[in-house]
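This report refers to the structure that appears directly beneath it.
The values are calculated or read from the model by the stated rules, or taken from the named source; none is laboratory data. Remember, predicted model here, so these are calculated numbers, not experimental data. A quick note on method: Cβ atoms are made from the backbone with ideal geometry, for glycine too, and the neighbour counts reach across all protein chains shown.
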4 protein chains.
Amino acid sequence: MEAKEPGTFSRRDLGRIGAFTDGVMAVAITLLVLNLEVPTLASGESLADALFDLLPSLGAYLLAFALVGRFWVLHHNLFERLHGFDPPLMTLNLAFLALIALLPFSTDLYDVYTDEGLAAAVLGGTLGLAALAHWEMNQYALRHGFVRAEHRAETESGRPIGLGLAAVFLLSVPAAFLTVHLAEAMWISTVLLRYPLRRLGRRTSSA
Amino acid sequence: MEAKEPGTFSRRDLGRIGAFTDGVMAVAITLLVLNLEVPTLASGESLADALFDLLPSLGAYLLAFALVGRFWVLHHNLFERLHGFDPPLMTLNLAFLALIALLPFSTDLYDVYTDEGLAAAVLGGTLGLAALAHWEMNQYALRHGFVRAEHRAETESGRPIGLGLAAVFLLSVPAAFLTVHLAEAMWISTVLLRYPLRRLGRRTSSA
Amino acid sequence: MEAKEPGTFSRRDLGRIGAFTDGVMAVAITLLVLNLEVPTLASGESLADALFDLLPSLGAYLLAFALVGRFWVLHHNLFERLHGFDPPLMTLNLAFLALIALLPFSTDLYDVYTDEGLAAAVLGGTLGLAALAHWEMNQYALRHGFVRAEHRAETESGRPIGLGLAAVFLLSVPAAFLTVHLAEAMWISTVLLRYPLRRLGRRTSSA
Amino acid sequence: MEAKEPGTFSRRDLGRIGAFTDGVMAVAITLLVLNLEVPTLASGESLADALFDLLPSLGAYLLAFALVGRFWVLHHNLFERLHGFDPPLMTLNLAFLALIALLPFSTDLYDVYTDEGLAAAVLGGTLGLAALAHWEMNQYALRHGFVRAEHRAETESGRPIGLGLAAVFLLSVPAAFLTVHLAEAMWISTVLLRYPLRRLGRRTSSA
């Protein structure tokens, strides 16, 4: 039995915390589909027209799915490098999950009020706060020695990417009030520019 | 193959019971978001106004998320200290889960009828019964020797906290009929006063 | 690497099959709460009256929760005794899960049409078919040697209980057409008479 | 600590990726039941009539459940044979999951517009793209050496089945515009012809 400070979670606990986190993210990502509602045809409307009108909602579903998937990969990568956990990290993890679980709502809001900058700003803000909570978990884990020695360098080098992600999402909030399309382009960029960003992060940290 | 009394769950079983419990809690915590509905604008109403009116619902969501998260941590801490399980403990665990899974309903009720003491009393009662079920699991595990030897002292010392939590939630039921705000303050205190309460628990048990 | 017939699942696979099964049951048991809807008050109606009218729905929720919990325990007990799995057993498992996942619908139907024998018959039938699918999994696993040697006796002795459970649920179908209350009493009995039934099962098998 | 290329997931990671995948599939398969709505009786309509009218929806539920179950088995079989994972495989996995999570919507659409070829075509297309994404995961894993040596032959021999499955689903799209019943027959065949197809796959690969 390893020695354990009171209130500190051990390696074994990480498994159950990861499982709970995966559960919440799996439910949240699947609830996104509830935003896609089977259309009720107005008189004279064809199903083809109704489904055509649903395409932006499908796009919003796919984008939100990709973004939650991206967050899942980020979270998974961080957890693989930890050897411990403590209550403040648990609190940060719950704050992160509360924001992820909000995404089905924010996505639906943005999908219903596509033309309103405010709706896009809410979605951008939710994404930005989630990225910020994740970045703070990363920072906290580094500061308090929860990152395994062989992964410290890699984790430190990942910091600019995490901060960059949060910055793009948070900057999409004012951008949404200029034009919703700019905010959308910024979100999509975080999915598509993943590999270039990673390379940039490595160059920055080795400079 | 370890010897096993009929009807007794072994250490290995604990993994699957924990996984099922995590699954139920992960679904319940994520379903809380269904209470947040995308507003339909009344004529002349702006989206900004509608979202502003949604802020109390967002507050209820965040509070309920924090409370279920708190229960998850409590449950996780208890399970980490067990080396076995039996059918009555399983029944207590299911009763606990049935109350946790009720929280999306109770939270929604409280959110729709914010001014009614009765609605807040229902939420406080659900939380109180869940805390009581958890406390009884703790007691039962201690009485029947399911707590691993090296964790007995720690688990015994946690009893006043568990009972205190149940007491605060149950006392919020009559408090809700005086004023809903008092009940709310009591719930929030269980999230914010976590660390002071823990310290108090330790002092009490070592006295 | 252990030798493995084509199309046969090994011990390790059992973990992931169990995890998927737990996931489906955890979602199904938590979706039961969606049947409880926050009441909209008719003019002049008090919240207290509306909640009082909701009590039968709460009862249906608790009963269905207990029944799915009972099935989870049954399923868990069977899986703990297996050392392998094959495609027909997987198919039986999926049929069992399809019936469990139907329970939120059947429970809601029964709750909305409480006075109709047919609605209770649908719930009784769903429960009966689920119990039958589980019993057939048990039989199949015994016949094809998937039960670990040290658990064969125990598993064989459990057969009358499994069959008894299926019989009670299936007999509740005709009973529901006589009076819904008889069907309800039969369902409740399967939760409450668990320990006496188990003892009976042991006596029968050792006779 | 095993050496690990940057951006490559190890064996241990596979567990958590599998758990997340199982979570999404378990939620998606259970959400299928939300398509079955408790009927509201028109005046003069009996519950028996209303439930009789619900039978096609029950059929759609069972078919979709069987198809998601089939995909789960396919996915599980592939994952059991891998010893590693990389970001593009993760992206393919997320694309696969996004299509699986769409199935509750596609199934509901097909169930509401049973007579419209277009609705059946949408369901067939969703199934076809999911099968294609799965097939591409299989191909990618083989090409990049993520399949464990002892499973290469088996995995290669499974390719015609995977491609055949995708072909049947994709061909059901044009078939749906001829007659919906042909498309339905094709979907059902993928569930029922599982064993004959597997045998065919083995003969093809050993020829």
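Using the structure shown, decide if A:PHE79 is at the interface with chain D (Cβ under 10 Å from one of its Cβ atoms) and more than 16 Å from A:LEU165 (Cα to Cα).
yes
Residues in region C:137-153: is at least one farther than 30 Å from D:HIS76 by Cβ and modelled with pLDDT under 95?
Yes: region C:137-153 contains one or more residues that are farther than 30 Å from D:HIS76 by Cβ and modelled with pLDDT under 95.
Output the number of the condition that A:ALA64 fails; it satisfies all remaining conditions of (1) modelled with pLDDT under 95; (2) under 12 Å from the mean Cα position of the chain (by Cα).
Unmet condition: (1).
Return the total of residues in region A:45-84 being assigned to a helix (DSSP H, G or I), touching a residue at least 12 places away in the same chain (Cβ under 8 Å) and aliphatic (A, V, I, L, M).
Total meeting the criteria: 10.
Considering only residues that are of a type in the set (Ser, Thr, Tyr) and either at pLDDT below 75 or farther than 23 Å from B:PHE20 by Cβ (or both), which ones fall in region D:1-34? Let's see the steps before the verdict.
First pass over region D:1-34, keeping only residues of a type in the set (Ser, Thr, Tyr): D:8, D:10, D:21, D:30.
Listed by number, the residues that qualify are D:THR8, D:SER10.
Of the conditions (1) modelled with pLDDT under 95; (2) within 30 Å of C:LEU47 (Cβ to Cβ), B:PHE169 satisfies every one except a single condition; which number is it?
Among (1) modelled with pLDDT under 95; (2) within 30 Å of C:LEU47 (Cβ to Cβ), B:PHE169 violates only (1).
Can you list the helices (runs of 4 or more DSSP H) lying wholly within region B:135-196 that have 3 or more residues being surrounded by 16 or more Cβ atoms within 10 Å (Cβ to Cβ) and without any contact (Cβ under 8 Å) to a residue 60 or more places away in the chain?
B:159-178
Would you please name the residue that is nearest to B:LEU62 (Cα to Cα), looking only at residues in region B:35-45 that are more than 8 Å from chain A (Cβ to nearest Cβ) and of a type in the set (A, V, I, L, M)?
B:LEU41
Pairs only if they're at least six apart or on different chains, beta carbon under 6 angstrom, first in region B:114-130 and facing chain C (nearest Cβ under 10 Å) and at negative phi, second assigned to a loop (DSSP other than H, G, I, E, B) and of a type outside the set (Val, Ile, Thr); list them, first residue then second.
B:ALA119/B:TYR113
Inside region B:107-129, can you point out the residues that are assigned to a helix (DSSP H, G or I) and either touching a Gly at 6+ places or on another chain (Cβ under 8 Å) or not small (Gly, Ala, Ser) (or both)?
B:THR107, B:ASP108, B:LEU109, B:TYR110, B:ASP111, B:VAL112, B:LEU118, B:VAL122, B:LEU123, B:THR126, B:LEU127, B:LEU129, listed by residue number.
Taking region A:82-113, which residues are aliphatic (A, V, I, L, M) and within 14 Å of chain D (Cβ to nearest Cβ)? Step through it out loud before you land on a result.
Here is the first cut: in region A:82-113, the ones aliphatic (A, V, I, L, M) are A:82, A:89-90, A:92, A:94-95, A:97-103, A:109, A:112.
Matches in region A:82-113: A:LEU82, A:LEU97, A:ILE100, A:ALA101, A:LEU103.
Taking region A:12-24 on its own, how many of its residues are more than 7 Å from every other protein chain (Cβ to nearest Cβ) and within 15 Å of the chain's Cα centre (by Cα)?
1
Just to be sure, is B:LEU127 in contact with a helix residue (DSSP H, G or I) (Cβ under 8 Å, 6 or more places away or on another chain), of a type in the set (A, V, I, L, M, F, W, C), surrounded by 20 or more Cβ atoms within 10 Å (Cβ to Cβ) and closer than 23 Å to B:ILE161 by Cα?
Taking the combined requirement at face value, the residue satisfies it.
Just checking, how many residues over region B:39-54 are farther than 20 Å from B:LEU109 by Cβ and either among the aliphatic types (A, V, I, L, M) or crowded, with 21+ Cβ neighbours inside 10 Å (or both)?
6
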